[in-house]
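This report refers to the structure that appears directly beneath it.
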Amino acid sequence: LGKDVYSAGRHLRDSADVEPPSVGLALSLERLKFQMGRLKTGTPPRIDGRTINWDILDPQASDMPPKPFSFLNHEKGVKLRDRLLTCYRTDTNDRTHEIVMKNKHLLPDVALGDKGPRYCPS
């Protein structure tokens, strides 16, 4: 966490493998003369689910049937629709803010107001 660097990539479900980068997409965009650059993620750290009291959180179930992100999947639907996970919502409080402010020197630069576009790869 903090300023440590770890290998990037999206992990495949139920696997230690990471999906490959979308180099083909980047090459296609470059051929079409789109301006290329890098984005900062600002992705939050992952936490161990065994350390969470799920009973006090607000469950937010997936859409049924799930809506695909791409029109290309409109006909065939979502591939892993039988393996969806429920999301849970929580809130911060004064104690949470106190902990963050006490440890903000450990945060990566992107969390401290770095300028420029950001995205979340998740």
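The values are calculated or read from the model by the stated rules, or taken from the named source; none is laboratory data. Everything numeric here is computed off the predicted structure, so don't read it as measured data. Note that we place each Cβ from the backbone using ideal geometry, even for glycine, and neighbour counts take in every protein chain shown. Please note that ligands, DNA and RNA were not included when accessible areas were found on the heavy atoms of the full protein model with its side chains. Shrake-Rupley method; radii C 1.70, N 1.55, O 1.52, S 1.80 Å.
At-a-glance table
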item	result
Sole exception among (1) modelled with pLDDT of 85 or more; (2) surrounded by fewer than 10 Cβ atoms within 10 Å (Cβ to Cβ) for Leu57, by number	(2)
Any pair with Cβ under 7 angstrom, 6 or more apart, that starts in the stretch 37-61 at a residue that is aromatic (Phe, Trp, Tyr) and ends at one that is modelled with pLDDT of 90 or more and open to solvent by 80 Å² or more (accessible area, probe 1.4 Å)	Trp54/Tyr88
Residue among His97, His105 that alone is at pLDDT 80 or above and surrounded by 10 or more Cβ atoms within 10 Å (Cβ to Cβ)	His97
